[in-house]
Amino acid sequence: MSLATRRRAIYTGLAGHFAEDELLAVLALWESKYADKPPFALNEFLGEVAATCERKLERAKLYRELVGALTGPLSALLPDPEPQLLSWRQRMGLSAPPSNTADVHARHTFEALSRVLFNGLDAGLLPRLQHFAAGNLSNLRGSNEQRLRVRAWLEHGAELEVANLGLEQLRQLLNLLYIGLCEYLGPVVADQRLSMAVQQVDALHLAFAPRKLL
């Protein structure tokens, strides 16, 4: 699950318990200290929130709602509050937390891998593959905005980094490209092309190994 989706889930779970500025302050705490921790750290997070909150929290209910938001359907989540959070941080004079390093490295490796794959295709086949992938993004996890940014990358060569995809989303997207290769080249040639691309990117010794995207 990407950072944006986790943030939406935490925001959704918290929204019924805090007024807007207090909600954004609690969300900022989660993003700065707990976003990269496993789900069981939610109790630690709520403990810190309860210790600084001026009123008594229904911790058990809040915990259940957070878990429900994290495990439930994406369609039930509120929109990503990143713009409001950025505005709140600016008003408070706070800086944004650093990006999830693993996701950043994974994105760099994915871009290198997709570039090698695309460069190895005939000029007539590449747009067909990109059109195929762009037309099958409905199952890509994440927000509509992320899917639109991926579509722009596929169809117009826009920057993929701004889509802020997480590792699982990148795996999904690579699998979609692989399905397209199988469709147009057959599974044997598709396997060969992907294997050769992985070997070429392996040789670059990037921080995130391309095989982890498979």
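Read-outs: derived from the displayed coordinates by stated rules, not from any lab. As the structure is a prediction and not an experimental result, all values here were calculated from the model. As a convention, Cβ positions derive from the backbone with ideal geometry for all residues, glycine included, and neighbour counts pool all protein chains shown.
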Within the chain, longest stretch free of exposed trypsin sites (Lys or Arg not before Pro) [DSSP loop, at most 11 other beta carbons within 10 Å]: 57-214
Distant-in-sequence amide H partners of L78 (H built 1.01 Å from N, under 5 Å): T12
Compactness of the stretch 1-73 - radius of gyration and Dmax, Cα, Å: 11.1, 32
Residue-span extension gain [N175 to R141] - 0.36 nm each, minus C-alpha spacing: 11.0 nm
For the chain: relative contact order, % (alpha-carbon pairs under 8 angstrom, 6 or more apart): 25 percent
Only Lys, Arg (+1) and Asp, Glu (-1) charged, at Cβ; the chain dipole about Cα centre in debye: 280 debye
For S143, residues with placed amide H under 5 Å, excluding near neighbours: none
Length-normalised contact order of the stretch 101-213 in % [C-alpha pairs under 8 Å, at least 6 apart]: 40 percent
Expected-Rg normalisation [2.2 N^0.38 Å, Cα atoms] applied to the stretch 101-213: 0.99
HN-Hα J in Hz across the stretch 66-76 - Karplus 6.51, -1.76, 1.60, θ = phi - 60°, x for Gly and Pro: 5, 4, x, 5, 6, 9, x, x, 4, 5, 8
Sequence of H156, H131 once ranked by neighbouring C-beta atoms within 10 Å, starting from the fewest: H156, H131
